[in-house]
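To keep things clear, I will list the structure first and then write my remarks on it.
The values are calculated or read from the model by the stated rules, or taken from the named source; none is laboratory data. Just so it is clear, the structure is predicted and the values come from calculations on it, not from any experiment. Quick reminder, even Gly has a Cβ in these numbers, built from the backbone with ideal geometry, and neighbours come from all protein chains shown. In case anyone asks, the SASA skips ligands and DNA or RNA and just uses the protein heavy atoms, side chains included. Shrake-Rupley method; radii C 1.70, N 1.55, O 1.52, S 1.80 Å.
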2 protein chains.
Amino acid sequence: MRETDGGLAMEPRNRYEELARAVSAFGAVKRGLARVLPVDCQGASAAVLALLKHHGDMRMGRLAELMSVDMSVCSRHAAHTVERGWVERLPDPDDGRSRILRLTPDGLAMLTELDRRVTDAFTRHLAEWSDDDVDRLTTLLARLRDSFGDCRATHA
Amino acid sequence: MRETDGGLAMEPRNRYEELARAVSAFGAVKRGLARVLPVDCQGASAAVLALLKHHGDMRMGRLAELMSVDMSVCSRHAAHTVERGWVERLPDPDDGRSRILRLTPDGLAMLTELDRRVTDAFTRHLAEWSDDDVDRLTTLLARLRDSFGDCRATHA
DNA sequence: TATTGTTATACTCTATAACTATA
DNA sequence: TATAGTTATAGAGTATAACAATA
């Protein structure tokens with residue numbers, strides 16, 4: 001029996017198991033990033049603000065979809081941002097059950113501060129990275145998220 | 001003032017903000033993967049088993065380092081796997097304060113089942129991906145984690 | 001005195017279920 | 001009856017601090 005790996009009979013390599021380990025270890029990056037946020041703005045609030053800026057005004061259901069969380073979870077996060085004056089809830093002219101979420105000037109100011117801190121953190125930690133590698137990672141992460149689709153549980 | 005982007009005055013693009021959004025949205029993938037695990041084996045337990053198999057026997061502090069969590073957190077996760085008979089704690093001949101964590105045959109069997117489920121999930125969701133892209137993503141994720149270093153808080 | 005590990009407590013994020021209001 | 005959203009409750013994961021045992 002010939003081996004092409006130098007004579008050792010190796011376990012068959014499973015690239016999915018390696019990916020799973022990398023995914024599992026990824027939590028450390030999220031926690032490292034969360035640590036640079038202001039104390040009064042949690043990670044979930046930051047995500048709400050960033051999505052409202054990037055996608056514009058939207059309803060709760062749409063935001064929950066973008067965050068891939070149950071609407072009950074999204075509702076709490078949105079309430080948190082409304083309490084702090086970063087987001088306002090406007091009546092939805094098309095549907096009385098729904099309200100439109102909109103970033104306020106204070107919310108935009110907070111988001112600007114958040115972006116400054118996040119950019120600063122990446123600038124420090126990814127100093128050795130080429131722009132192309134950063135873009136490649138961003139693209140692959142987005143693609144992975146798309147490939148997994150909306151994995152939220154369906155409580156039918 | 002000339003514009004090279006078709007006449008629209010665009011915001012300066014910040015690749016770090018895009019990466020931050022991709023990182024933020026990544027939680028959906030972790031949750032999707034966690035959903036395929038057996039009910040009696042949580043994600044943290046799965047990580048403990050995978051790391052013990054991949055790196056071999058080790059002490060608590062080393063495992064905490066690999067998981068990038070505080071040792072108090074790691075201790076709880078390890079206790080969970082010990083309770084279920086997947087890991088045993090052996091005395092450390094070099095240090096009476098410490099114990100060596102070792103995967104048991106039951107633990108290896110559980111890990112085999114976990115790997116089967118995770119591989120199955122990836123096979124379904126990443127059917128369109130080339131092997132090279134999977135490897136590229138795995139490599140970039142590992143590199144990102146390394147670049148962020150050990151971001152655990154230092155309660156000195 | 002410093003270090004390894006454990007336990008108690010609190011906080012963040014998420015899901016399920018029950019509920020209100022509107023379509 | 002179905003849908004949009006809210007609230008209550010429970011569970012998983014993490015950090016801080018206080019503690020025990022050993023170096």
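General observations
- Subset of the stretch B:37-71 (residues that are open to solvent by less than 70 Å² (accessible area, probe 1.4 Å) and either within 9 Å of DNA strand C (Cβ to nearest atom) or polar (S, T, N, Q) (or both)): B:S45, B:M58, B:M60, B:G61, B:L63, B:A64, B:S68, B:D70
- Lone qualifier among B:T112, B:T81 - being free of Cβ contacts under 8 Å to residues at least 12 places away in the same chain and under 19 Å from A:S24 (Cβ atoms): B:T112
- Subset of the stretch A:131-149 [open to solvent by 50 Å² or more (accessible area, probe 1.4 Å) and within 16 Å of B:N14 (Cα to Cα)]: A:D131, A:D132, A:R136, A:T139
- A count restricted to the stretch B:35-59 and to residues that are facing chain A (nearest Cβ under 9 Å) and not in a helix (DSSP H, G or I) stands at 1.
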